[in-house]
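Beneath this line is the structure, given in structure tokens, with notes to follow.
The values are calculated or read from the model by the stated rules, or taken from the named source; none is laboratory data. Bear in mind that the values here come from a model prediction, so they are computed numbers and not experimental data. Heads up, the Cβs are rebuilt from the backbone with ideal geometry, glycines too, and the neighbour counts pull from every protein chain shown. With ligands, DNA and RNA removed, areas are computed over all heavy atoms of the protein, side chains included. Shrake-Rupley method; radii C 1.70, N 1.55, O 1.52, S 1.80 Å.
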Amino acid sequence: MNSAEQRFAPTVEQDEEDRRLKAQHRALWASGNYPAVAAELIPTLGPELVAASGVRPGDRVLDVAAGSGNAAIAAAAAGGIVTASDLTPELFEAGRRVAAERGVEVEWVQADAEMLPFADNSFDVVMSSVGAMFAPHHQATADELVRVTRPGGTIAMINWTPESFIGKMFATIKPYAPPPPPGTSPPPLWGDEAHIRKLLGDRITNLRMQRRSVVMDHCADPLEFREYWKRNYGPTIAVYRFNANRPERIEALDREFLRFLTAWNQATQPGRTAYDAEYLLLTAVKR
């Protein structure tokens, strides 16, 4: 039994409940086309996180909730010895293809961010780009990020903020979503500075947090962008599926979603959209 298993030691009932929850999360992110979302809307975030992490040739790097490897592949290109872990291995195929095209090596490992299958102090850099923030139990995830980082190593994350375009998008669809399981926390809280300090506590030093933004301008109009989210993004797909047998709810959700996207569109030219999506970039050093 590793240190994570010893620490959490769930009861049989808790273990079964957690298995169901994680199976739901895996199915959610396997639906749609998250690799397309990462490549088309946020391609700069992975390289930016790697630069902020200070990855050097030979560094042992773990990308937690790596998805299709936006950050992991950039870390490998910087010379890191990289492991990309994710609960949803269905996303690895796209990552392997991109890594091969760019001539870099990445190890792909199916893993739960809340119970990573790696020894204590294994990595020089542990990072996550809008990934680990979606694990349902924030403290368990933070504990694992710290545990597998070596003393003096770097923890780095990019997380959507509650006030961001993505944070507000989640707030818009929340009334139509199933209630969250007890004891779980909303993902955008990982973009709140006070929440970060509470999660990491005194186990880290040199904590730096900066709010930045990325512009999403992939679609021609808000209606097209709404359909893009419905077609490609797991959390949005899950909400629509939850209401599939209630057409009046689908119609209301469509209206609210389109109203939100229209209000947040900052483009001034016809046939263009621009959404300024804020995120929190954080780096810290493990004591």
Scan segment 133-147 and give yes if some residue there is aromatic (F, W, Y), open to solvent by less than 30 Å² (accessible area, probe 1.4 Å) and in contact with a strand residue (DSSP E or B) (Cβ under 7 Å, 6 or more places away or on another chain), otherwise no. no
All conditions in (1) within 25 Å of the chain's Cα centre (by Cα); (2) among the hydroxyl-bearing types (S, T, Y); (3) open to solvent by 20 Å² or more (accessible area, probe 1.4 Å) are true of T273 except (3)
Regarding segment 122-130, can at least one residue be identified that is surrounded by fewer than 22 Cβ atoms within 10 Å (Cβ to Cβ), part of a strand (DSSP E or B), of a type outside the set (A, V, I, L, M, F, W, C) and without any contact (Cβ under 8 Å) to a residue 60 or more places away in the chain? no
Do we find a residue being modelled with pLDDT of 95 or more and over 29 Å from C219 (Cβ atoms) anywhere in segment 31-52? no
Any residue at all in segment 148-165 that's open to solvent by 30 Å² or more (accessible area, probe 1.4 Å) and in a helix (DSSP H, G or I)? no
Looking at segment 200-228, which of its residues are more than 19 Å from T44 (Cα to Cα) and open to solvent by less than 50 Å² (accessible area, probe 1.4 Å)? L200, G201, I204, T205, A220, P222, F225, R226, Y228
Determine the pairs where a residue that is over 20 Å from V215 (Cα atoms) and of a type in the set (S, T, Y), located within segment 160-177, has a partner that is at pLDDT 95 or above and not in a helix (DSSP H, G or I) with Cβ atoms under 7 Å apart, the partner being 6 or more residues away or on another chain. Y176/N243
Take D86 and decide whether it is of a type in the set (D, E, K, R), in contact (Cβ under 8 Å) with a residue 24 or more places away in the chain and over 30 Å from P180 (Cα atoms). no
Every listed condition ((1) over 26 Å from E278 (Cα atoms); (2) touching a residue at least 40 places away in the same chain (Cβ under 8 Å)) holds for M157 save (1)
What's the total number of residues in segment 49-69 that are of a type outside the set (G, A, S) and either open to solvent by 40 Å² or more (accessible area, probe 1.4 Å) or touching an Asp or Glu at 6+ places or on another chain (Cβ under 6 Å) (or both)? 4
Matching residues in segment 110-121 - criterion: being open to solvent by 20 Å² or more (accessible area, probe 1.4 Å) and closer than 23 Å to P151 by Cβ: M115, P117, F118, A119, D120, N121
When the residues of segment 16-41 are filtered to those that are open to solvent by 60 Å² or more (accessible area, probe 1.4 Å), part of a helix (DSSP H, G or I) and of a type outside the set (G, A, S), which remaining residue is farthest from F225 (Cα to Cα)? E16
Show the residue pairs meeting these rules: Cβ distance below 6 Å; 6+ apart or different chains; first residue within segment 205-216 and in contact (Cβ under 8 Å) with a residue 24 or more places away in the chain; second residue surrounded by 14 or more Cβ atoms within 10 Å (Cβ to Cβ) and of a type in the set (S, T, N, Q). R208/T283
Count of residues meeting criterion [free of Cβ contacts under 8 Å to residues at least 40 places away in the same chain and open to solvent by 50 Å² or more (accessible area, probe 1.4 Å)] in segment 249-265: 5
For residues in segment 170-185 being out of contact with any helix residue (DSSP H, G or I) (no Cβ under 7 Å at 6 or more places or on another chain) and of a type outside the set (V, I, T), which is surrounded by the most Cβ atoms within 10 Å (Cβ to Cβ)? A171
